[in-house]
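A.B. asks: Mind looking over this structure? Questions follow.
The values are calculated or read from the model by the stated rules, or taken from the named source; none is laboratory data. The structure displayed is predicted, hence computed values, not measured ones. Reconstructed Cβ throughout: ideal geometry from the backbone, glycine too, with neighbour counts over all protein chains shown. Protein only, heavy atoms only, side chains kept; ligands, DNA and RNA dropped before computing areas. Shrake-Rupley method; radii C 1.70, N 1.55, O 1.52, S 1.80 Å.
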Amino acid sequence: LMQPAVAHSREFERVRDLPRRALDLETAREWAAFLTPRFALRPGVELRPWQAQSIADAVQCGGAWLALPVGQGKTLITWLLPTAMQAERTLLIVPGSLAAKTYADFAGYVDTWRAPTRPIRIETREKLATVGGAEMLDAYQPDLIIIDEADDLSNARSAAARRIDRYVRKHDVRVVAMTGTPARKSIMGYWHIVAWCLGDGAPLPLVESEARMWALALDEHNGRRPGLGPLGATVREARAWYRRRLTETAGVVVVDEDSCTAPLTVRVRLAREDAVLDAAFARFLVELETPGGIPISDPLSRWLLDSQLGLGLYTRWNPPPPDRWRNARRNVARFVREQIDASTRSDRPLDTEAQVLRRFASHPIVREWLAVKPAFNGATETVWISRSALDSCLDWLRELRAEGMPGIVWCGSVDFGRALAREAGLQYYGQRGQSESGGALHTAPVGESLVASWGANKKGFNLQAWPRQLITMPPQSAKWLEQIFGRSHRSGQDEHVIVDVLATSGGTLDAFEAAIAEASSVRATVSLTQKLLRADIVRARPRITAENEFRWATRKE
């Protein structure tokens, strides 16, 4: 059989032959000097160079894909774009957690920067994903769509992405997408967004099958790699060619610099030892189930259950499921693990349970699981077994209090975050940046430490008044860490920002190393050096004993 390969096609030639231009800071400064007096309402304010370059590219190209470091001032770009692009009906799409903050930021621009002739309509990505979201697009008929935190639409199959795609194909609309973290592991995470923004000027194939072949050739993965064809002789050459092609395309503004000049240190901090937790990890790794009987099926569930157990929690079904249901669940979890392991050397690698179930839908084990799954609703409850992580966080907060410094404890578990905030006497900020007493994260009292969900609040908020961070249940993603770091380490910060990553197991240590590898891959293809690669990293090595070896067993040297 012939090996699949990147084709020397019309789409490749279109991409190859697009005009090239090199971004440079001096030109961006000239744009800032030119545009500032056209938008500023009072002396003493000025556009930053890359803000001005972004606006200029969007006007000249009729759209733009802006990969700007966290804290570069994307909200002001949003405020000025409708005027610069002479838009009549501007739709701004933001994450739900940032809607209130965006309204507040816009109100602060009114006396300083020229306002759009017509108000910008702000809608959330979550609203766009509903049935009413499709109706809203058709009723409002925007002629300019601005997407903030565009990486939230990285899944081209999501409801919100499909609705934008249909609208862009049917209407004469310009699109500007902005993100500080454009990719995780694949160029397919932004391929469709670049196509919305630049159309025939996009430096990627517009044919999805060709774009996927490019992704297989360029992405970091363990599957079989196709022939590189015209992209280059080696993977390194192909990535270098693609990186130049992407960043030298008009309408693409990729800024590889940090918006913050303050030093950043990331330290791994080991949680307290605990014999009960060590015993729980022994069962987890030997039986591949939590103490509550919930099995590991794929890498995502392993990270989630490992991280949760490291916090001293586990989840169990309540009431327990029927035996037939439980056995089918265990069988399909084992089957999924086997298929993911077997696929790592193929050209169609599998990463998730959903992918395995789709590919092997006719397999008896899968059919048995799908047949019994509706018989039990899977209601769960959380059980505490250890204070190791909780006390470790309280230790950290006491240390900060002794230094007179406020800090943020970022939590990946709602149960853990609420318990920590309650014991520490602090506010817990959950969904949409709201505390349970009604306070808003963007107006949190300066000088007081706080506890917040990183899943809900990792984007958009300016929290530079809190230069110390502790991350619990650290994500595997460099993209997410970039956003979390960027709440404090951002333009205007003059304090040394120190981020502690709480390691509660070998899995959390592995997640941190996986994030570093991901950041290196993004730098190789997109030319963005994330904060994780700019930081001074201080690792910690657990002291392994016969009692705790299971807790740290998965760590990679």
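A.B. asks: If the requirement is being surrounded by fewer than 17 Cβ atoms within 10 Å (Cβ to Cβ) and touching a Lys or Arg at 6+ places or on another chain (Cβ under 9 Å), which of these qualifies: 513, 482?
C.D. replies: The conditions single out 513.
A.B. asks: Right, something else. Tell me, which residue of the range 161-185 that is assigned to a helix (DSSP H, G or I) and open to solvent by 60 Å² or more (accessible area, probe 1.4 Å) is nearest to residue 215 (Cα to Cα)?
C.D. replies: Kept after step one, since they are assigned to a helix (DSSP H, G or I), are these residues of the range 161-185: 161-170.
Those left that are additionally open to solvent by 60 Å² or more (accessible area, probe 1.4 Å): 162, 166, 169-170.
Numbers: 162: 20, 166: 23, 169: 23, 170: 27 Å.
Checking each candidate, the answer is 162.
A.B. asks: Quick check on residue 229: is it more than 25 Å from the chain's Cα centre (by Cα), at positive phi and crowded, with 16+ Cβ neighbours inside 10 Å?
C.D. replies: yes
A.B. asks: While we're on this one: Just give me the residues in the range 101-124 being in a loop (DSSP other than H, G, I, E, B), of a type outside the set (Val, Ile, Thr) and free of Cβ contacts under 8 Å to residues at least 12 places away in the same chain, in sequence order. Reasoning before the result, please.
C.D. replies: First, pick out the residues of the range 101-124 that are in a loop (DSSP other than H, G, I, E, B): 110-112, 114-120.
From what is left, the residues that are of a type outside the set (Val, Ile, Thr) are 111, 114-116, 118-119.
The answer is 119, and nothing else.
A.B. asks: For residue 444, indicate whether it is more than 19 Å from residue 502 (Cβ to Cβ) and open to solvent by 30 Å² or more (accessible area, probe 1.4 Å).
C.D. replies: So residue 444 does not fit the description; no.
A.B. asks: Condition first: within 17 Å of residue 198 (Cα to Cα), outside any loop (DSSP other than H, G, I, E, B) and acidic (Asp, Glu). Now tell me which residues in the range 129-160 satisfy that.
C.D. replies: Matches in the range 129-160: 151 only.
A.B. asks: State which residue pairs qualify: first residue farther than 14 Å from residue 297 by Cβ and open to solvent by less than 50 Å² (accessible area, probe 1.4 Å) and inside the range 348-363, second residue in a helix (DSSP H, G or I) and of a type in the set (Val, Ile, Thr) in any location, beta carbons under 9 Å apart, and separation of 6 or more residues or different chains.
C.D. replies: What qualifies is 349/340.
A.B. asks: Assess whether residue 251 counts as being closer than 30 Å to residue 8 by Cα, open to solvent by 10 Å² or more (accessible area, probe 1.4 Å) and in contact (Cβ under 8 Å) with a residue 12 or more places away in the chain.
C.D. replies: In short, no.
A.B. asks: State all residues of the range 43-100 that are crowded, with 24+ Cβ neighbours inside 10 Å, among the small types (Gly, Ala, Ser) and part of a loop (DSSP other than H, G, I, E, B); if no residue qualifies, say none.
C.D. replies: The one that is crowded, with 24+ Cβ neighbours inside 10 Å, among the small types (Gly, Ala, Ser) and part of a loop (DSSP other than H, G, I, E, B): 63.
A.B. asks: Please determine whether any residue of the range 226-235 is over 18 Å from residue 518 (Cα atoms), in contact with a Leu (Cβ under 6 Å, 6 or more places away or on another chain) and assigned to a loop (DSSP other than H, G, I, E, B).
C.D. replies: yes
Residue-wise test of (1) more than 19 Å from residue 435 (Cβ to Cβ); (2) more than 28 Å from the chain's Cα centre (by Cα); (3) surrounded by 15 or more Cβ atoms within 10 Å (Cβ to Cβ).
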| site | (1), (2), (3) |
| --- | --- |
| 373 | yes, yes, no |
| 377 | yes, yes, no |
| 391 | yes, yes, yes |
| 409 | no, no, yes |
| 413 | no, no, yes |
| 416 | no, no, yes |
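A.B. asks: I want to confirm something. Restricting to the range 529-541 and keeping residues that are closer than 28 Å to residue 234 by Cα and open to solvent by 10 Å² or more (accessible area, probe 1.4 Å), which single residue is farthest from the chain's Cα centre (by Cα)?
C.D. replies: Step by step, filter the range 529-541, then rank; the result is 534.
A.B. asks: Only one of 330, 326, 316, 302 is of a type in the set (Lys, Arg) and surrounded by fewer than 16 Cβ atoms within 10 Å (Cβ to Cβ). Can you tell me which?
C.D. replies: Just a single option satisfies the conditions, and that option is 316.
A.B. asks: Which members of the range 209-224 meet the condition of being outside any helix (DSSP H, G or I) and surrounded by fewer than 17 Cβ atoms within 10 Å (Cβ to Cβ)?
C.D. replies: First pass over the range 209-224, keeping only residues outside any helix (DSSP H, G or I): 219-224.
Residues satisfying the conditions are 220, 221, 222, 223, 224.
A.B. asks: OK, next. Here is a check on your reading of the model: is residue 154 at pLDDT below 90, among the hydroxyl-bearing types (Ser, Thr, Tyr), within 25 Å of the chain's Cα centre (by Cα) and crowded, with 20+ Cβ neighbours inside 10 Å?
C.D. replies: no
A.B. asks: As an exercise: evaluate residue 22 against (1) small (Gly, Ala, Ser); (2) touching a residue at least 40 places away in the same chain (Cβ under 8 Å); (3) assigned to a helix (DSSP H, G or I) and give the number of the one condition it does not meet.
C.D. replies: That leaves (3) as the condition not met.
A.B. asks: Looking at the range 189-208, which of the residues that are of a type in the set (Val, Ile, Thr) and open to solvent by less than 10 Å² (accessible area, probe 1.4 Å) is nearest to the chain's Cα centre (by Cα)?
C.D. replies: 193
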